[in-house]
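The values are calculated or read from the model by the stated rules, or taken from the named source; none is laboratory data. Since this is a predicted model, take the numbers as computed values, not measurements. Cβ: placed from backbone, ideal geometry, glycine included. Neighbour counts: every protein chain shown.
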Amino acid sequence: MKKRKISFLAADFDEAQEALKRLVSRYDDVPPETADTIVALGGDGFMLRTAHRFIDRRIPIFGMNRGSVGFLMNEYREEGLESRLESAEPYELFPLRMRARCRDGAEVEALAINEVSLLRETGQAAKIRVQIDGRVRLEELVCDGILLATPAGSTAYNMSAYGPILPLGSGALALTAISAFRPRRWRGAILPHTARVTFDILQPSKRPVSAVADFTEVRDVVSVEVFEDRSVSPILMFDPEHNLEERIIGEQFLP
């Protein structure tokens, strides 16, 4: 069996850095450029940043939790890592591509593995028109914001905003309002993964809005287009007994 070339990467806090030292002393460590597997040590935020960093290479990433929640991570264990990697189950994730146009005319693109969210910048509520595949579905949503989440991201900010949890492979996206004021009863929708969603900001000077794709923030947007981009796809790896699909299902039954 060909020996796996592993590159260990760690978040910049003590627990992750200490784990990095122990694992590097125990296993061969190669530079990320020559690795065929990345082992990421940290929390969910570090996993997201690592997935973004290597998204074009499609290199499998096996995370081990040294943070808090660790939803996208496996249990941290130092022994038997090579055998764990051999039996790990890969999950291909399809990100959202955000195309934002700003008040000053600037245009910004970014990818989101979890979600694209629009948020009011001031004390005044945002007013947003929502189009799906070129058809206006909400002429005016008065709210704190709105987000579009992938299945992998549906248990993150989307769940906190009372959006639906989507199983992996569901072929769906979650469109979720954040503190909707009008229409008061509208909380969101489940869309096919092929949908192209456009958010037009109404009164952008008076009611400024920012758009955030994972951790990329764009201020003072006037329109934002979001769609699933299958031309790029990070690959995360999970222990069979603790796979991502089971975690997403299990989140729906937590007390």
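Of the numbered criteria (1) more than 19 Å from Leu119 (Cβ to Cβ); (2) assigned by TED's automatic domain parsing to the domain that holds Ala110, the one Ser223 fails is (1).
Taken over region 226-246, the residue count meeting the criterion of being surrounded by fewer than 17 Cβ atoms within 10 Å (Cβ to Cβ) and either of a type in the set (A, V, I, L, M, F, W, C) or over 25 Å from Asn65 (Cβ atoms) (or both) is 4.
Counting only residues that are within 20 Å of Tyr157 (Cα to Cα) and modelled with pLDDT of 95 or more, which one in region 49-72 is surrounded by the fewest Cβ atoms within 10 Å (Cβ to Cβ)? This residue is Arg49.
Please find, among Phe215, Phe199, Phe227, Phe238, the residue that is hydrophobic (A, V, I, L, M, F, W, C) and more than 18 Å from the chain's Cα centre (by Cα). Full working, then the answer.
Working: Phe215 fails: more than 18 Å from the chain's Cα centre (by Cα); Phe227 fails: more than 18 Å from the chain's Cα centre (by Cα); Phe238 fails: more than 18 Å from the chain's Cα centre (by Cα).
Matching residue, one of Phe215, Phe199, Phe227, Phe238: Phe199.
One residue stands out in region 223-255 among those that are in a loop (DSSP other than H, G, I, E, B) and farther than 21 Å from Leu48 by Cα: the one that is modelled with the highest pLDDT, namely Phe253. The residue that is surrounded by the most Cβ atoms within 10 Å (Cβ to Cβ), among those in region 1-47 that are more than 17 Å from Glu82 (Cα to Cα) and of a type in the set (Gly, Ala, Ser), is Gly42. Quick check: is even one residue across region 156-173 hydrophobic (A, V, I, L, M, F, W, C), farther than 30 Å from Asn243 by Cβ and part of a strand (DSSP E or B)? Within region 156-173, not a single residue is hydrophobic (A, V, I, L, M, F, W, C), farther than 30 Å from Asn243 by Cβ and part of a strand (DSSP E or B).
Provide a single number: the residues in region 203-222 that are hydroxyl-bearing (Ser, Thr, Tyr) and in a strand (DSSP E or B). Spell out how you get there, then give the answer.
Within region 203-222, the first condition is being hydroxyl-bearing (Ser, Thr, Tyr), and the residues that meet it are 205, 210, 216.
Narrowing the set further to residues that are in a strand (DSSP E or B) leaves 210, 216.
Looking only at that region, the number is 2.
Among the residues of region 77-89, write down those that are exposed (fewer than 13 other Cβ atoms within 10 Å of the Cβ) and either touching a residue at least 60 places away in the same chain (Cβ under 8 Å) or acidic (Asp, Glu) (or both). It would help to see each step written out before you state the result.
From region 77-89, those exposed (fewer than 13 other Cβ atoms within 10 Å of the Cβ) are 77-80, 83, 86-87; that's our starting set.
Correct list: Glu78, Glu79, Glu86, Ser87.
Within region 174-187, the set of residues being within 30 Å of Asn243 (Cα to Cα) and over 13 Å from the mean Cα position of the chain (by Cα) comprises Leu175, Thr176, Ala177, Ile178, Arg187. Within region 141-155, the set of residues being among the hydrophobic types (A, V, I, L, M, F, W, C) and in a loop (DSSP other than H, G, I, E, B) comprises Ala152 only. Within region 121-158, being without any contact (Cβ under 8 Å) to a residue 40 or more places away in the chain and within 21 Å of the chain's Cα centre (by Cα) holds for Asp144, Leu147, Ala149.
Being of a type outside the set (Asp, Glu), assigned to a strand (DSSP E or B) and on the phi < 0 side of the Ramachandran plot is the filter here, so list the residues in region 180-202 that pass it.
Result: Arg182, Ala189, Ile190, Leu191, Pro192, Arg196, Val197, Thr198, Phe199, Ile201, Leu202.
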